[in-house]
Amino acid sequence: MASDLQDRDRPILFFDSGVGGLTVLREARVLMPDRRFIYVADDAAFPYGAWEEPALRDHILALFDRLLGRFEPEISVIACNTASTLIIDALRQAFPDHPFVGTVPAIKPAAERSRSGLVSVLATPGTVRRQYTRDLITNWAAKCHVRLVGSDRLASLAETYMRGGFVDEDAVRAEIAPCFIEQDGRRTDIVVLACTHYPFLVNRMRKTAPWPVDWIDPAEAIARRALSLLAPRDLHQVPAGAGDRDDLAVFTSGKADFAATRLMQGFGLAIA
Ligand code: DGL
């Protein structure tokens, strides 16, 4: 892509169907305080979990064509498991000069860490259906019993919660309950949070879980991966305060209500 912008001025684009990708952005901001960020919430299409695969694929590819032209990011982070497990390879093929970082279920670290061998993956129904997710299990967790739990409601509950709305503990308890298995004296000891919305609800999950488990949130690892792909900078040359400027949030619906605007401000993002 032709650009007049120097790499150092080009933003990092974060992408999700809603506010979930903010769980990854907050880690990225800590690691890269000197960078500029654009956060895109495809709220016009939320939730992705319910979409048919071909339609979602076409939709995201067309959207990225516009986003890359408009913002000219240095890299893009697909901070969404439901999108990444479907389309990360197609995005790399469609835009071969642009680096993409994906977010996919952290099944490998979960399998390495589990002592009981019982691991659950909590995700949207879309992520649970993906061949990509099944392949991760076959390739990295063959020795574990992995239960895939598709939740219809948790991403929406996280949206409500982050916009200051009420989230009933019983609703969270019901959504996470299928993650907990007891078998031959062993119990699930790890739950992979395989939707970027879910870490916002993790305290509710801890409180309503039938027993303590390790909840794996890959956000920091994703942010570190993004950092590793950026052109190196001499940080002593970066003026203090650089990166505080011009960080933007884009809602594809074009409608950010008061609660969404406040939330984005809290993350240091102005509505574009
Ligand atoms: N945050 C998204 C993910 O990581 C999905 C939420 C949705 O659109 O259903 O999968």
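Quick notes on this one:
- Those lysines that a straight Cα-Cα span of less than 22 Å connects to residue 143, excepting residues fewer than 8 apart in one chain: 108
- According to the Kirkwood relation over distinct C-alpha pairs, the hydrodynamic radius of the range 46-178 is 16.4 Å.
- Scoring 146-155, 160-169, 194-203 by mean Cβ neighbours within 10 Å over their residues and listing the highest first yields 194-203, 146-155, 160-169.
- The calculated 222 nm mean residue ellipticity attributable to helices in the chain amounts to -11500 deg cm²/dmol, summing -39500 (n - 2.57) over DSSP H runs of n ≥ 4 and dividing by all residues.
- As a length-normalised measure over Cα pairs under 8 Å and 6 or more apart, the relative contact order of the chain settles at 27 percent.
- Counting DSSP beta bridges with both ends in the chain, the antiparallel % (nearest 5): 5 percent
- With bins 10 Å wide beginning at 0, the percent of Cα pairs of the chain falling in each bin runs 7, 30, 35, 21, 7, 1, 0.
- Dipole of the chain [Lys/Arg +1, Asp/Glu -1 at C-beta], most positive-end residue of 20, 84, 221: 221
- The range 26-115: C-alpha gyration tensor shape, a/c 1.5 cut-off, then a/b vs b/c: oblate
No value in this document is a laboratory result; all are computed from the given coordinates. None of the values given here were measured: they were computed from a predicted structure. Neighbour counts run over all protein chains shown; Cβ positions are idealised from the backbone, glycine included.
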